[in-house]
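One structure is given here, and the rest of the page talks about it.
The values are calculated or read from the model by the stated rules, or taken from the named source; none is laboratory data. Since this is a predicted model, take the numbers as computed values, not measurements. Virtual Cβ from ideal backbone geometry, glycine too; neighbours counted across all protein chains shown.
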Amino acid sequence: MKQCTHVDALPSPEPVPLSDTCPECLAAGTHPVQLRLCLACGYVGCCDTSPGRHATEHYKESGHPIMRTFEPGESWRWCFVDHVLA
């Protein structure tokens, strides 16, 4: 089973979220379906089900590998590099 190779490089404590919603969606007047939090820098972006897919775009631009759900009651993390739950 493939494992994430990036968890050990995550900052501790977790970064403070830079916003409470996706700033690109807010600027465009669209609504994110669900939010993701970058565990490297605190960027908040919308998921791939949202029209903008800003969380994935943040990964592509920054190279920050792991985001976690930013939804209440959820705690999973996704590694974009290894394509696994981290």
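Key figures for this structure:
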| quantity | calculated |
| --- | --- |
| Matching entry among ARG53, ARG77 (being surrounded by fewer than 21 Cβ atoms within 10 Å (Cβ to Cβ) and in contact with a Leu (Cβ under 7 Å, 6 or more places away or on another chain)) | ARG77 |
| Residues of segment 52-77 satisfying the condition of being out of contact with any Phe, Trp or Tyr (no Cβ under 6 Å at 6 or more places or on another chain), aromatic (Phe, Trp, Tyr) and either at pLDDT below 95 or under 10 Å from CYS38 (Cα atoms) (or both) | PHE70 |
| Every residue from segment 38-86 that is more than 17 Å from PRO13 (Cα to Cα) and among the hydrophobic types (A, V, I, L, M, F, W, C) | CYS46, CYS47, ALA55, TRP78, CYS79, PHE80, VAL81, VAL84, LEU85 |
| Count of segment 37-66 residues which are within 9 Å of the chain's Cα centre (by Cα) and closer than 15 Å to THR21 by Cβ | 11 |
| Strands (runs of 3 or more DSSP E) completely within segment 21-79 that count 1 or more residues being in contact (Cβ under 8 Å) with a residue 40 or more places away in the chain | 35-38, 66-69, 77-79 |
| Number of the exception - ASP8 against (1) of a type in the set (D, E, K, R); (2) without any contact (Cβ under 8 Å) to a residue 24 or more places away in the chain; (3) surrounded by 12 or more Cβ atoms within 10 Å (Cβ to Cβ) | (3) |
| Those residues of segment 9-24 which are closer than 14 Å to MET67 by Cα and β-branched (Val, Ile, Thr), in sequence order | VAL16 |
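Each row is one residue, and each column tells you yes or no for (1) of a type in the set (Asp, Glu); (2) touching a strand residue (DSSP E or B) at 6+ places or on another chain (Cβ under 8 Å).
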residue	(1), (2)
HIS6	no, yes
ALA9	no, no
ALA28	no, no
HIS31	no, no
ARG36	no, yes
ASP48	yes, no
GLU61	yes, no
PRO65	no, yes
